[in-house]
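Student: This structure is in structure tokens; I'll ask about it shortly.
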């Protein structure tokens, strides 16, 4: 049984191979090659020569081209150290620390060199390690790609497996179905007789449609491995470039006697690397471009190293601190010179003996040198102002944050077993500030699955799920769907429609009520690509309809008008259901649907198509249709027709296409259903469904004969006018059509995409859709995910046909500029009305719009629109748009995509997110975060982004504060010691400060702080706008915190000096010396700084408590331990706590006093802010966490609602718009009824009669 | 299905990794604000009062003598007076006791504008040499007072020791001399650990330049308490150092005669010298500032507390008042 299956399989395949596609198709699928002067070959730009099947020739110059080895790594073993070190020391701060570390080895250093070198090594080491690990991953990825296998001809007609990287220009390779092309190939022949093959270019441009490539006639003969033994040819072609859609080359090939016959090549013979062979068993090709010469690699860009905005701003803060450092260092050195290096003062200070045996930093004779040395020393001494530990802490915190993101169970996808992964941890806080999302479509928003959803036949709509927007709207309005339907349609459609609508809705209700049955139904109908339920059509029920003939014709269009072929269904042969392959996934869904309705397309031969049909009598019969012509689909025709002759001999033309195109070609007798169908089409389109209209025509034999002869004539024409001619001829037969109905296909959205977009829009994010797909598809998806709605004003930017045909830049520019201006005028006018606007841009128009002189105008328009959809954009354009939007608007952009065509955009955006779906890994590899599903974006941004942004901002501000407090006390002491550079604190205190005494609390702040819990973040999207506005790391705040630091340091130092100077501080009469003053001041600093962080933190888990209070305790423990060491190690700190300061009550009261005073300004600020100018998070905290819940549920709900940003896109916005629309209509209707009643004679008579009765 | 689960990298649940640790989320409510201001006020005012009264109990006599102790003849050129070894430097001051002073009474000398904390000065010492008799040669940091001209190490070396304060005071009251106890004025850790009991001064103040006091070469460093006190470098340019203790009470309005031997040259750098007699309490010496500061801050906080109470009474902001939310405040444009 099984073997038999295999055999039949084989047979089928052979048969399939026999189909000669070129006979079916009317047009060449690709545009004609641009006119090129062929004499350019051999000149610059066109110098490449490829010797086919003779890769040996390419081993030596001048024909030596790069190998097929592709490397995306930044470093290699040798360059890693120097290159990454160079990268590290490009940061100014690191350079400063390096300088300090070098100086610290000299005698100038106020403290031990280790305490300066160790952190630097740590910081630089960690960063380099990170770079290294990332690069290693890239290397592994490259390795995987480079060692993929492909069959290569090694002579004598033998093909063996070789890895990609050893491939050389000129090699002949054989690529099998579903394999990727290893390099750019010239197609020689395929498993099909006529040398066509199907290629999926998803990775290049994101298009899901299969593209047809075809070889030259002359190479068709090489369709067998053996024949390559004698194959020899030479290709002269253009130099490597990045243009995906052009290719200029000549193939010189022929028999030995006439070698110089040359054939022009076009892009339709070029198979690009990273595209995939589909629907074709195998192809043979010659390698033309390898490795980095290939077009796709040339299209890729180097991944830029990204730094978050907060971090870049932090650099500026560091500059300010650096300036401060320079200033106080300068003051110190000048002061020192003034005091010590002047002859008259030196004599006065006899006890310093400056003139004797002096060291260089106090040499009165050389004031410049000693001043400089003092300056250097001061730079090191006050280095605490520039917090090197900040860099360490930020690295640690971000790593931990990333860990928390990676481990969030809410970001885990059960289906794929993957969760959100943060791949570069240095952009965490950036997630909290995103303002603009640039999203890919296929694979990102949609799951790349088509489903047959609805159809309208003879003006009756089937498969009538009421869409969710209507359901939500009617629910909120407390009216049921039935009355809604009445109202909606009653106003503008025939009575028949309304009745039909009620029918559907009652069906719908039945399903809703009978949920179990619904589920059962679903179970039965789990057919991929077919999500349709309507009892009136299923199970031959349509036979009982009124007009069975049109029904049958409808299904015939479905089953016959396509380019698909049936394939054996491997799994369930018993069910007699076939699977199909076709150029576009839509066609597949039509075929599947037709099969479900009882019209199974079962076989195709060169000239016939076989369909198992249900006869009006209810029996199944197999019919043969002779395929006379296939007028294929193209983007300009927007329709496709087949002309067939049935068994009776009648000739039919079946046509499907875009609604407006078909409607234009209807005959007078064919418009019966046009009105109803139009309404249905509008409904479908608003639901985001992709629609197509079906029509047919019966052709008389005589007419066909006539047409056929002109058509054949046109077909054999050679030259550029051929295509135009064919189109014109087709026009003449595609007329007087009879409309049958329409179908609607759903490009299925991924789970939760609509909700996610809704939430993101409420949080104030703008979403742009950038797709390589065609405009209609993009617009459909725009509707499906609520980026568009029907009451939106849509601007369409596209090149007018005639500007395009002229192909002159100037004309095209003028054209686009005019369109932009016109649209912009509208936005300006409409702004007051607050109408939602949408912009839909075509790829070619975009190319023009992004040229230097008009891009500003374009972006101005784009930014003022609620949603922007760009279609047919190339990967390069995606990246370009991202860059321009980033630069022009200055807004934080996030790009999300799944395929290789999104890599540029992902790298260019501030944050790049890769969908780790089924596509290749390129997007993920280039991304900063990867996620299995689009919907996780919501939580990632609104919860984690918000938190991380707040955490990092608070953390940096606190760090600045803490280091200013500490660093400035060192400076103030200089004022009291004649700027001699003496240090108030022991060297170990200095080391301890950033290492143990203050580091852990701030890390706990950076990792665990939450202003509100995650569910509240989600409930109040407005909180996200705090990040977009950047209010937590504004210069106001930064300056404020610096001011607070300066104030605190002054308070600590001055109070300590003032209280402790002169008088004894103990009952024993002892006075303070340097070590006492140092330890007391330092204690005050430690307490203040740690209490300050306790004031900042709003979320105390045991960890924060442990770290904060533990840090303070740690200081005392350290002091005890240090003081207990013998004086050899503890120096002047010997026994300090136990003997001197500990027992003195003065010590404790001074510290208490100083700490309270230092914190008081901030506390008062905090009180005033919270009491009088509370921010959103404050109020929400109060609402939620107040001792008793201060707010009732109603208010809570209401605020939740109103915290959403008014937006024009998203599901909710659409529902709102719908409700408005409905209310308006209801009102009108009511008015109408009232009017009609009041004005009707009956009512008049009634009222009159009642009046009479009263009398 | 099992296979799938094995392959999946489902993160394991923990309250920490899900950021759901139970937490205390304090909110700064008016209650908290008022309570904290009240607490500070209630704590600080008593502490301030106690400290002020303690400071008030301290009796302190300060007498500046550097100018008065220069004979009129030398008033224009005090340096020639102080540097001339042949002139007798003794000068007599009389001090009035304002209130009864209870023993122990501490005698200090106070120097002003003397930078003991200058880095060159602070560094110029050898702790090792001071505590270890074997380490006489450890004079590396002591320049320019490390060795004698013939290369012998100076013990104790360095500028600090060399510039040892050498004014002396003799006190008497009603004709009876008051003994100044010079024992026990240094920190215990210094006399017991940091200064060796078997380290003796060597070649100290023997060179050309004489800085200050000389030391008895028979007495080990651990007993040279004047030196030990001096070597505890002061943090600030104005400082007091213990000279000795008087173990008898002094009655109020008593007059004390102080015989000052004015040797130490502060004239060159414009420093001042003062003789200080002071008692102590638990907060140490006289320190009015601390008490006043405490009371001021306490008072300020009470004032704030009252203000806030009034504010909340008259113009309260309801907790969690939604009208303060940004979207309710801004008119929808």
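Student: May I ask you to list pairs of residues, at least six apart or on different chains, whose Cβ atoms are under 7 Å apart, with the first in region A:1156-1180 being facing chain B (nearest Cβ under 7 Å) and closer than 17 Å to residue A:1017 by Cα and the second being modelled with pLDDT under 90 and assigned to a helix (DSSP H, G or I)?
Tutor: A:1176/A:1022; A:1176/A:1023; A:1176/A:1026; A:1176/B:326; A:1179/B:322; A:1179/B:324
Student: Here's something else I'd like to know. Residue check, residue A:364 against (1) surrounded by 15 or more Cβ atoms within 10 Å (Cβ to Cβ); (2) within 11 Å of another protein chain (Cβ to nearest Cβ), all met but one. Which one?
Tutor: (2)
Student: Please give the number of the condition residue B:301 fails out of (1) in contact with a helix residue (DSSP H, G or I) (Cβ under 8 Å, 6 or more places away or on another chain); (2) more than 30 Å from residue A:1174 (Cβ to Cβ); (3) at pLDDT 90 or above.
Tutor: Going through (1) in contact with a helix residue (DSSP H, G or I) (Cβ under 8 Å, 6 or more places away or on another chain); (2) more than 30 Å from residue A:1174 (Cβ to Cβ); (3) at pLDDT 90 or above one by one, residue B:301 breaks only (2).
Student: Test of understanding: among B:217, B:251, which residue is away from every other protein chain (no Cβ under 13 Å) and closer than 30 Å to residue A:354 by Cα?
Tutor: Exactly one of B:217, B:251 is away from every other protein chain (no Cβ under 13 Å) and closer than 30 Å to residue A:354 by Cα, namely B:217.
Student: I'd like to check which helices (runs of 4 or more DSSP H) are fully inside region A:947-1066 and have at least 3 residues that are within 24 Å of residue A:314 (Cβ to Cβ), more than 14 Å from chain B (Cβ to nearest Cβ) and touching a helix residue (DSSP H, G or I) at 6+ places or on another chain (Cβ under 9 Å). Lay out the reasoning, then the answer.
Tutor: Working: elements: A:987-992, A:999-1008, A:1014-1019, A:1024-1028, A:1035-1060.
Output list reads A:999-1008, A:1035-1060.
Student: Then there is this: Just one of the numbered conditions (1) in contact with a strand residue (DSSP E or B) (Cβ under 9 Å, 6 or more places away or on another chain); (2) at negative phi; (3) in contact (Cβ under 8 Å) with a residue 24 or more places away in the chain is not true of residue A:195; which one?
Tutor: Among (1) in contact with a strand residue (DSSP E or B) (Cβ under 9 Å, 6 or more places away or on another chain); (2) at negative phi; (3) in contact (Cβ under 8 Å) with a residue 24 or more places away in the chain, residue A:195 violates only (2).
Student: What's the total number of residues in region A:678-733 that are free of Cβ contacts under 8 Å to residues at least 60 places away in the same chain, surrounded by fewer than 20 Cβ atoms within 10 Å (Cβ to Cβ) and closer than 30 Å to residue A:529 by Cα?
Tutor: 1
Student: For region B:143-191, which residues satisfy the criterion of being within 10 Å of chain A (Cβ to nearest Cβ), in contact (Cβ under 8 Å) with a residue 12 or more places away in the chain and not in a loop (DSSP other than H, G, I, E, B)?
Tutor: If the condition is that a residue be within 10 Å of chain A (Cβ to nearest Cβ), in contact (Cβ under 8 Å) with a residue 12 or more places away in the chain and not in a loop (DSSP other than H, G, I, E, B), then B:159, B:160, B:162, B:190 are the ones that fit.
Student: If you don't mind, there's one more thing I want to ask. Where in region B:17-118 are there strands (runs of 3 or more DSSP E), lying wholly inside it, with at least 2 residues that are within 8 Å of chain A (Cβ to nearest Cβ) and either without any contact (Cβ under 8 Å) to a residue 24 or more places away in the chain or out of contact with any helix residue (DSSP H, G or I) (no Cβ under 9 Å at 6 or more places or on another chain) (or both)?
Tutor: In region B:17-118, B:105-112 are the strands (runs of 3 or more DSSP E) which contain 2 or more residues that are within 8 Å of chain A (Cβ to nearest Cβ) and either without any contact (Cβ under 8 Å) to a residue 24 or more places away in the chain or out of contact with any helix residue (DSSP H, G or I) (no Cβ under 9 Å at 6 or more places or on another chain) (or both).
Student: Check residue A:445 against each of (1) more than 19 Å from residue A:906 (Cβ to Cβ); (2) in contact with a helix residue (DSSP H, G or I) (Cβ under 6 Å, 6 or more places away or on another chain) and name the one condition it does not meet.
Tutor: Failing condition for residue A:445: (1).
Student: Restricting attention to region A:655-679, which residues are touching a helix residue (DSSP H, G or I) at 6+ places or on another chain (Cβ under 8 Å), under 20 Å from residue A:727 (Cα atoms) and assigned to a helix (DSSP H, G or I)?
Tutor: Scanning region A:655-679 gives A:659, A:663.
Student: Condition first: within 10 Å of chain A (Cβ to nearest Cβ) and surrounded by fewer than 18 Cβ atoms within 10 Å (Cβ to Cβ). Now tell me which residues in region B:254-273 satisfy that.
Tutor: B:268, B:269, B:270
Student: Now for a different question. Can you pull out the residues in region A:54-88 that are exposed (fewer than 15 other Cβ atoms within 10 Å of the Cβ) and assigned to a loop (DSSP other than H, G, I, E, B)?
Tutor: A:60, A:61, A:62, A:64, A:76, A:77, A:78, A:79
Student: I would also like to ask the following. Would you confirm whether any residue within region A:393-410 is farther than 27 Å from residue A:98 by Cα, more than 58 Å from the chain's Cα centre (by Cα) and within 12 Å of chain B (Cβ to nearest Cβ)?
Tutor: No, the conditions are met nowhere in region A:393-410.
Student: Does region B:119-130 hold any residues that are within 9 Å of another protein chain (Cβ to nearest Cβ) and surrounded by fewer than 23 Cβ atoms within 10 Å (Cβ to Cβ), and which are they?
Tutor: B:122, B:123, B:127, B:128
Quick grid of which residues meet (1) surrounded by fewer than 24 Cβ atoms within 10 Å (Cβ to Cβ); (2) modelled with pLDDT under 80:
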| site | (1), (2) |
| --- | --- |
| A:200 | yes, no |
| A:211 | yes, yes |
| A:223 | yes, yes |
| A:243 | yes, yes |
| A:250 | yes, no |
| A:259 | yes, yes |
| A:288 | no, no |
| A:293 | yes, no |
| A:301 | yes, yes |
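Student: What number goes with the only condition from (1) surrounded by 22 or more Cβ atoms within 10 Å (Cβ to Cβ); (2) in contact with a helix residue (DSSP H, G or I) (Cβ under 7 Å, 6 or more places away or on another chain); (3) more than 11 Å from chain A (Cβ to nearest Cβ) that residue B:222 does not pass?
Tutor: (1)
Student: Let me ask something additional. Could you go through region A:457-469 and let me know if any residue there is touching a helix residue (DSSP H, G or I) at 6+ places or on another chain (Cβ under 9 Å), within 14 Å of chain B (Cβ to nearest Cβ) and assigned to a helix (DSSP H, G or I).
Tutor: There is no residue in region A:457-469 that is touching a helix residue (DSSP H, G or I) at 6+ places or on another chain (Cβ under 9 Å), within 14 Å of chain B (Cβ to nearest Cβ) and assigned to a helix (DSSP H, G or I).
Student: Suppose we filter region B:297-333 for residues that are surrounded by 13 or more Cβ atoms within 10 Å (Cβ to Cβ) and more than 10 Å from chain A (Cβ to nearest Cβ); how many remain?
Tutor: The qualifying residues number 5.
Student: With a cut-off of at least 3 residues that are modelled with pLDDT under 85, name the strands (runs of 3 or more DSSP E) lying wholly within region A:606-648.
Tutor: A:620-631
Student: Regarding region A:351-358, can at least one residue be identified that is modelled with pLDDT under 80, closer than 24 Å to residue B:140 by Cα and more than 8 Å from every other protein chain (Cβ to nearest Cβ)?
Tutor: As a first pass, look at region A:351-358 and keep what is modelled with pLDDT under 80: A:354-358.
Narrowing the set further to residues that are closer than 24 Å to residue B:140 by Cα leaves A:354-358.
Subsequent filtering for residues that are more than 8 Å from every other protein chain (Cβ to nearest Cβ) retains A:355.
For region A:351-358, residues modelled with pLDDT under 80, closer than 24 Å to residue B:140 by Cα and more than 8 Å from every other protein chain (Cβ to nearest Cβ): present.
Student: Let me ask something additional. Within region A:634-654, how many residues are without any contact (Cβ under 8 Å) to a residue 40 or more places away in the chain and either within 17 Å of residue A:583 (Cβ to Cβ) or in contact with a helix residue (DSSP H, G or I) (Cβ under 6 Å, 6 or more places away or on another chain) (or both)?
Tutor: Here the count works out to 1.
Student: If we scan region A:1081-1102, do we find a residue that is more than 12 Å from chain B (Cβ to nearest Cβ), free of Cβ contacts under 8 Å to residues at least 60 places away in the same chain and out of contact with any strand residue (DSSP E or B) (no Cβ under 8 Å at 6 or more places or on another chain)?
Tutor: no
The values are calculated or read from the model by the stated rules, or taken from the named source; none is laboratory data. Since the model is a prediction, treat every value here as computed from it, not as a measurement. When we count neighbours, we look across all protein chains shown, and the Cβ atoms used for this are built from the backbone with ideal geometry, even at glycine.
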